[in-house]
Amino acid sequence: MTDLTITDVRLTPILVADPPLLNTQGLHQPYTPRLIIEVVTADGITGVGETYGDAKYLELARPFAERLAGRQVSDLNGLFTIADSVSVDASRVDHQVDVGGLRGIQSADKLRLSVVSGFEVACLDALGKALGLPVHALLGGKLRDSVEYSAYLFYKNAEHPPGVPGERDDWGAALAPAGVVAQARLFHERYGFESFKLKGGCFPPDEEIAAVRALAEAFPGKPLRLDPNGAWSVETSLRVAAELKDVLEYLEDPALGTPAMAEVAARAGVPLATNMCVTTFAEIPEAFTTGAVQVVLSDHHYWGGLRNTQQLAAICRTFGVGVSMHSNTHLGISLAAMTHVAATVPNLHHACDSHYPWQSEDVLTERLTFDAGHVTVSDAPGLGVTLDPDKVARLHRRWLDPAYAHLRDRDDGAAMRVLDPAWVTPAVPRW
Ligand SMILES: O=C([O-])C(=O)C[C@H](O)[C@@H](O)C(=O)[O-]
Ligand SMILES: [Mg+2]
């Protein structure tokens, strides 16, 4: 009989290369923090998980890990009990939109759930390996053999600011419609993506409308999305919707907050998606009863794991609200986890977001691949990925290096101020 007792938990914070991508708050840092979680059983089976790596998550993950030892990897419900026992420092909770991540307001519960998710994935990976079952089987079984992802287009500088150490990339700059279309073509050529999302909120709306129009011309009939992360007023959102409704699959978080989204949704004539106003179960009733959103972008990291993602999808189904998937910067462990859970969600009718193509570094022995924009659902035991200890160690050494210590917390505004010392995170609505 397999012994599922957890005997060791390893937490390894790392810094991962990230290109100079723009969003409404600023610029991506050259390196972004992630946390790699390893859960080891009495039989020597190791399960891996991944989540945010900023200090506010590490300070919860450490006591969480201590409380995990001696429990069973199969005790997934118990993870939430442990989370409730970990106290969140009041200074970490400001109920403001995060300075790096743009995934709604920061609450104590969301911080806890973001930590639970990494441990849940690690436990599922270990459990799957112990039982010889893929993670999707532990979630009830896959409904599809592959999961479709969309190209996640960003306005982008060619390089990180002068004097800032960072990895070079071969994507080039994208600061106007021609650059955005060139980037989309590269995404299509390299990965076969057939649907395209542009991260907006960076330039005046007319410029972003022009970029989406150019995409529509270059990729006729392909699903397009625009996501300004709540940077627009209701009036601006309605104007953009009127200009683009013939080509948009959905408009993502045009305005900030459920009441503003509800006002836009009532008159936009195009579905609204969100990963900002519905980010917790508590935010669902107001958003769904006011018709504020038509598609919820789930994200197992901050919803509290793969099983909570399934619960979210079931609630969306009940209310006739669509579901798809949001992504922040992540590595292959999370892409594998996203793919397993996405494979089990019946009402997944939109391609999922993933930052993975932007990440030139990973901690796996073998990168996951996109084929015609799809990731194959692995049937190997657990997640079906293998951690490369040398890669983990290298990225951890970077995290330990005092020269990079200022990057241990993601802060897109701070990264932008290196380029433009006068930069302040724009007040919302920005336009
Ligand atoms: O869909 C979204 O809102 C995001 O993916 C938020 C991210 O933080 C993205 O804007 C980024 O990484 O700059
Ligand atoms: Mg979004």
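Report, by residue number, each residue of region 259-293 that is surrounded by 20 or more Cβ atoms within 10 Å (Cβ to Cβ) and of a type in the set (S, T, N, Q).
Thr274, Asn275, Thr279
Would region 170-179 turn up any residue that is of a type outside the set (Lys, Arg), within 15 Å of ligand 1 (Cβ to nearest atom) and assigned to a loop (DSSP other than H, G, I, E, B)? Before you say what the answer is, go through the steps one by one.
Step one: filter region 170-179 for residues of a type outside the set (Lys, Arg), giving 170-179.
Add one more test, that the residue is within 15 Å of ligand 1 (Cβ to nearest atom), and what stays is 171, 174.
In the following step, the residues that additionally are assigned to a loop (DSSP other than H, G, I, E, B) were identified as 171.
Within region 170-179, one or more residues are of a type outside the set (Lys, Arg), within 15 Å of ligand 1 (Cβ to nearest atom) and assigned to a loop (DSSP other than H, G, I, E, B).
Being in a helix (DSSP H, G or I), among the hydroxyl-bearing types (Ser, Thr, Tyr) and either over 20 Å from Glu167 (Cβ atoms) or open to solvent by 30 Å² or more (accessible area, probe 1.4 Å) (or both), is that true of even one residue in region 395-406? Give the derivation first.
In the first step, residues of region 395-406 are kept if they are in a helix (DSSP H, G or I); the result is 395-400, 402-406.
Add one more test, that the residue is among the hydroxyl-bearing types (Ser, Thr, Tyr), and what stays is 404.
With either over 20 Å from Glu167 (Cβ atoms) or open to solvent by 30 Å² or more (accessible area, probe 1.4 Å) (or both) added as a condition, the list becomes 404.
Yes, some residue in region 395-406 is in a helix (DSSP H, G or I), among the hydroxyl-bearing types (Ser, Thr, Tyr) and either over 20 Å from Glu167 (Cβ atoms) or open to solvent by 30 Å² or more (accessible area, probe 1.4 Å) (or both).
Which one is modelled with the lowest pLDDT, of the residues in region 118-171 that are basic (Lys, Arg) and more than 21 Å from the chain's Cα centre (by Cα)?
In the first step, residues of region 118-171 are kept if they are basic (Lys, Arg); the result is 129, 142, 144, 156, 168.
Narrowing the set further to residues that are more than 21 Å from the chain's Cα centre (by Cα) leaves 129, 142, 144, 168.
On the way: Lys129: 98, Lys142: 98, Arg144: 98, Arg168: 94.
Here the answer is Arg168.
Which of the following residues is without any contact (Cβ under 8 Å) to a residue 40 or more places away in the chain and within 18 Å of Pro134 (Cα to Cα): Leu364, Leu335? Full working, then the answer.
Working: Leu335 fails: without any contact (Cβ under 8 Å) to a residue 40 or more places away in the chain.
Leu364 is the lone residue from the list that is without any contact (Cβ under 8 Å) to a residue 40 or more places away in the chain and within 18 Å of Pro134 (Cα to Cα).
Hey, can you tell me all the residues within region 313-341 that are open to solvent by less than 10 Å² (accessible area, probe 1.4 Å) and more than 16 Å from ligand 1 (Cβ to nearest atom)?
The answer is Ala313, Cys316, Gly332, Ile333, Ala336, Ala337, Thr339, His340, Val341.
Is there any pair with a first residue in region 242-263 that is of a type in the set (Lys, Arg) and a second that is open to solvent by less than 70 Å² (accessible area, probe 1.4 Å) and not in a helix (DSSP H, G or I) whose Cβ atoms are under 7 Å apart and which are 6 or more apart or on different chains, and what are they?
Lys245/Gly269; Lys245/Val270
List the pairs whose first member sits in region 73-97 and is more than 12 Å from Asp109 (Cα to Cα), whose second member is assigned to a loop (DSSP other than H, G, I, E, B) and modelled with pLDDT of 90 or more, and whose Cβ atoms are under 7 Å apart, counting only residues at least 6 apart or on separate chains?
From region 73-97, the pairs are Val73/Leu4; Ser74/Leu4; Gly78/Arg71.
Which ranges mark the helices (runs of 4 or more DSSP H) fully within region 277-336 that have 2 or more residues being of a type in the set (Phe, Trp, Tyr)? So that I can check it myself, show each step before the final result.
On the way: elements: 284-289, 300-303, 306-319.
Where helices (runs of 4 or more DSSP H) fall fully within region 277-336 and carry at least 2 residues being of a type in the set (Phe, Trp, Tyr), they are 300-303.
Have a look at Ile105, Ile82, Ile37 and point out the one that is under 25 Å from Arg397 (Cα atoms) and not basic (Lys, Arg). Reasoning before the result, please.
Numbers: Ile105 fails: under 25 Å from Arg397 (Cα atoms); Ile82 fails: under 25 Å from Arg397 (Cα atoms).
None of the others qualify; the one that does is Ile37.
Consider region 89-108. How many of its residues are of a type outside the set (Asp, Glu), in a loop (DSSP other than H, G, I, E, B) and more than 25 Å from His355 (Cβ to Cβ)?
In the first step, residues of region 89-108 are kept if they are of a type outside the set (Asp, Glu); the result is 90-93, 95-97, 99-108.
Keeping just the survivors that are in a loop (DSSP other than H, G, I, E, B) gives 93, 95-96, 99-104, 106-107.
Subsequent filtering for residues that are more than 25 Å from His355 (Cβ to Cβ) retains 93, 95.
So the count comes out to 2.
If you go through region 21-39, how many residues are over 19 Å from Ala336 (Cβ atoms) and either part of a loop (DSSP other than H, G, I, E, B) or away from ligand 1 (no atom under 16 Å from the Cβ) (or both)?
The number of residues fulfilling the criteria is 5.
The values are calculated or read from the model by the stated rules, or taken from the named source; none is laboratory data. Keep in mind the model is a prediction, meaning the values are calculated, not measured. A quick note on method: Cβ atoms are made from the backbone with ideal geometry, for glycine too, and the neighbour counts reach across all protein chains shown. Areas reflect the complete protein model, heavy atoms only, side chains present, ligands, DNA and RNA absent. Shrake-Rupley method; radii C 1.70, N 1.55, O 1.52, S 1.80 Å.
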